[in-house]
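Working notes, structure below.
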Amino acid sequence: MNSEFLEALKDLEKEKGIAVDVLLGAIEAALISAYKRNFGSIQNARVHIDRNTGDFKVYSQRNVVDEVEDERLDISLEDARKIDPRFNVGDIVENEVTPRNFGRIAAQTAKQVVVQRIREAERNIIFEEFANREGDILNGTVQRIENKNIFIELGKTEAILAPSEQMPGEDYKHGDRLKTYIVEVRKTTKGPQILVSRTHPGLLKRLFELEVPELQDGVIELKSIAREAGHRSKIAVYSKDEDVDPVGACVGPKGMRVQNIVNELNGEKIDIVKWNQDASKFVASALSPAKVVAVEVWRMKRLPG
């Protein structure tokens with residue numbers, strides 16, 4: 001390792017956001033393991049990399065004690081003061097023990113550590129990106145199918161559409177473009193695991209928000225969703241502006257807005273009803289197109305305790 005290696009680490013810091021000191025500290029720790037593994041040493045050791053030149057040195061460490069139990073780990077106070085009279089019991093005496101042929105091992109180890117840290121940093125970046133998007137819609141391409149799980153390519157990573165989250169009647173093939181809903185993002189040892197759904201009510205909600213500007217602007221509220229994925233859904237909408245018809249806005253000109261969503265969900269029927277604070281009127285509206293004769297609302301009394 002040399003100054004060119006340090007420059008390369010500085011470039012990585014700018015590109016990947018991994019601090020040089022963090023990388024050097026990880027390399028030093030890895031070099032200690034490599035030293036003990038290759039030179040059969042059980043003694044305490046320390047590796048130091050010069051932050052200016054990139055040169056490295058290995059030091060053995062022995063504790064200053066009154067009574068020596070293991071010469072590889074301990075040194076007597078008398079012998080320690082022959083090296084430096086300022087030593088006291090409890091101090092650590094260091095001697096350089098850098099092996100002559102340790103340079104090749106050091107270079108190999110450093111490369112492995114840097115590659116591992118870059119991989120970890122990239123995984124963390126991907127995790128943070130998608131963790132902040134839970135509850136959002138993803139566009140991706142079906143990459144492969146394994147044990148009925150659908151793996152969807154998202155560029156640098158992939159999402160998993162489990163069998164329980166797949167819509168009944170949908171047939172997924174390699175290369176299909178899919179819109180899915182991010183249910184959960186997990187951090188694992190192999191990188192972020194992104195779990196998505198085609199059946200979640202949130203997918204329907206987000207599709208309407210994308211299609212209906214009034215929902216994005218907050219003029220219309222989507223109050224509730226009941227969904228039987230792949231078959232039928234009902235949504236209840238409410239308008240804060242008396243001049244805006246919430247049902248009409250969601251249906252769109254010539255029914256285009258709701259039809260786009262129906263097409264995306266492969267023909268799933270969608271009923272849009274107007275939400276009403278009056279429970280009986282809301283229930284009657286929700287049962288449409290059935291003709292409602294009467295609605296009786298029973299409110300359960302809470303028992304004390």
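Hey, what did the chain get for relative contact order, percent, Cα under 8 Å, at least 6 apart?
Rounded, it is 10 percent for the chain.
Non-local amide H neighbours of D74 (under 5 Å, H modeled in plane, Pro and chain starts lacking H): which ones?
Sorted by chain and number, the residues that satisfy this are N63.
How much of the DSSP bridge set in the stretch 3-123 is antiparallel, in percent, rounded to the nearest 5?
80
DSSP beta bridges in the chain, what fraction antiparallel, as a percent rounded to 5?
75
Let me check I've understood the local charge: for I83, count other residues with C-beta under 15 angstrom from its C-beta, Lys and Arg +1, Asp and Glu -1. What total comes out?
That works out to -4.
May I ask you to evaluate 6.51 cos²θ - 1.76 cosθ + 1.60, the Karplus curve with θ = phi - 60°, for each residue of the stretch 68-81 and list the ³J(HN,Hα) values in order in whole Hz, giving x for glycine and proline?
Values, residue by residue: 7, 9, 9, 5, 6, 10, 10, 9, 6, 4, 4, 5, 5, 6 Hz.
Given the options D271, D136, D91, state which has the largest fluctuation in a GNM of the chain using a 10 Å cut-off (strictly under) for Cα springs.
D91
Whats the longest run of the chain with zero GluC sites (Glu not before Pro) that are DSSP loop and have at most 12 other Cβ atoms within 10 Å?
Result for the longest clean stretch: 72-241.
In the stretch 3-123, if the dipole is taken from +1 on Lys/Arg beta carbons and -1 on Asp/Glu beta carbons about the Cα centre, which of T98, A121, V64 is farthest to the positive end?
A121
Tell me the mean residue ellipticity at 222 nm calculated for the chain from its helices only (DSSP H runs of n ≥ 4, each -39500 (n - 2.57), averaged over every residue, nearest 500).
-11500 deg cm²/dmol
For the chain, what are the DSSP H helices with axial Cα length of 27 Å or more and mean Kyte-Doolittle hydropathy of at least 0.5?
20-39
At q = 0.29 Å⁻¹, work out log10 I(q)/I(0) for the stretch 216-286 with the Debye formula, treating every Cα as an identical point scatterer and leaving solvent out; two decimals please.
-1.35
Mark the label point 7 Å from the Cα of E184 along Cα→Cβ and return the residues of the stretch 126-168 whose backbone N is within less than 14 Å of it.
Flagged as within label range: 134-135, 160-165.
Mean-square fluctuation check for the chain, GNM, Cα pairs under 10 Å: which of N276, N63, N101 is largest?
Ranking N276, N63, N101 by mean-square fluctuation puts N101 first.
Modelling each spin label as a point 7 Å along the Cα-to-Cβ direction, I'd like the D171/N38 distance in nm, to one decimal.
Result for the modelled spin labels: 5.8 nm.
Bear in mind that the values in this text are calculations on the coordinates, not laboratory data. Just so we're clear, the structure is a prediction, and the values are computed from it rather than from any experiment. Neighbour counts run over all protein chains shown; Cβ positions are idealised from the backbone, glycine included.
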